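The values are calculated or read from the model by the stated rules, or taken from the named source; none is laboratory data. This is a predicted model, so every value here is computed, not measured. A quick note on method: Cβ atoms are made from the backbone with ideal geometry, for glycine too, and the neighbour counts reach across all protein chains shown.
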Amino acid sequence: MRKKIIGSTILSVALSSMLIVPSLGQDVQVRPISAEDNEIIPIFYKMHWSEIFIDQLSKDYDIGSLFSGKDLDTAIKAEDYQNIVRVVLDAEYNGAPDAMTREAVVYELMKVWAEKTGQDLDQIATIKMIIYSDTEQFDPKYNHAITVAYMKDVAKGRGGGIFDPKSDVTYGELAALIFNTAEAVKKEKEPDVQPIAEERFETRGSYEIKDGKVVFDFELVSHYTKPKDLLFGSGQQFELTITDEKGEEVYRFSDGKFFTLALVTETVNPGEALKWQDEWDMTDKEGNKLTTGKYTAKIDIMVVPEENSEKIEESQLTTVIEFELTDV
């Protein structure tokens, strides 16, 4: 027997907590169908890539009206830029980029970041390497800030080594940039103290290329809950070696140096660290200046095990830093 019914199909798509309900035609003649001739037609909602950043910002800030009804792929207006900066980053902000281009907006946001974190943007040391293949298109005024933005995870370009500095910033890109800037401010303000997770030491290291030298800063951090005494067998408390891509040693800290043979004891309190610094002038053992290539620096803290005391695992007393030199 044939019957007329109202037919509708409801498809649930789990995407950003949204329910899509397509309405199908009514007054449809229906016949029984088998599993073989039952064809399922999926319906997809294509979410704009930037909506995840808008959703994250919406959790902490009232930004709904700033993006509502906006085409996320269109260029932003200066007024909207100022409003979102005031809502998320600085309620008293009265500045503006020189233009709504990608390079000018990133520069302006890094100025806001520097002010909120109490830093001098122009004095922040940066990595001396070519990050983007279109760097020559940058206005020199913005170059340094764009590099800092890369280092602080505020802006990483369009992918494929392209920054595209002269293009206008879209509303979608602005959402990502504002979110990343807010996160970078939070990260910079977090205390540089690691929680004491277990009774152990940890060696950490970092580097920067400055004035024709590679400057290494490293430390031995105590994750113990009580003060610990460390014994060094001489005035040399660390060794730093640098090898090239072939594994050949190009630098060793102790080469040509003399150290006192007296035993030295250092006490490290919980959560504190012993810190050192060393510089490499980028010349190999034959005195040749090295300006390009990938290198590996290995740092060993030269603690001497004491009798009847807990042995410190070697992995706690060493760290490795990989870096690259580019002839810019």
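Inclusion of THR225 among residues that are touching a residue at least 12 places away in the same chain (Cβ under 8 Å), more than 18 Å from ASP278 (Cβ to Cβ), touching a strand residue (DSSP E or B) at 6+ places or on another chain (Cβ under 8 Å) and surrounded by fewer than 14 Cβ atoms within 10 Å (Cβ to Cβ) is not warranted.
Residues that are more than 18 Å from THR265 (Cα to Cα) and not in a loop (DSSP other than H, G, I, E, B) within region 296-315 comprise THR296, ALA297, LYS298, ILE299, GLU314, SER315, listed in sequence order.
Quick grid of which residues meet (1) out of contact with any Ser or Thr (no Cβ under 8 Å at 6 or more places or on another chain); (2) closer than 18 Å to GLN277 by Cβ; (3) surrounded by 17 or more Cβ atoms within 10 Å (Cβ to Cβ):
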| position | (1), (2), (3) |
| --- | --- |
| LYS156 | yes, no, no |
| THR203 | no, yes, yes |
| LYS210 | yes, yes, no |
| GLU219 | no, yes, yes |
| TYR251 | no, yes, yes |
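Screening LEU240 on (1) surrounded by 14 or more Cβ atoms within 10 Å (Cβ to Cβ); (2) closer than 18 Å to LEU263 by Cα; (3) of a type outside the set (Val, Ile, Thr) shows it passes everything except condition (2).
Taken as a whole, region 105-123 holds at least one residue that is part of a loop (DSSP other than H, G, I, E, B), closer than 16 Å to LYS186 by Cα and of a type outside the set (Val, Ile, Thr). Selection of first residues in region 56-72 that are farther than 16 Å from LEU177 by Cα and of second residues that are polar (S, T, N, Q) and surrounded by 10 or more Cβ atoms within 10 Å (Cβ to Cβ), restricted to Cβ pairs under 7 Å at least 6 apart or on distinct chains, gives the following pairs, ordered by first then second residue: GLY64/SER58. The residue of region 202-225 that is farthest from THR147 (Cα to Cα), among those that are at pLDDT below 90 and either touching a helix residue (DSSP H, G or I) at 6+ places or on another chain (Cβ under 9 Å) or among the charged types (D, E, K, R) (or both), is ASP211.
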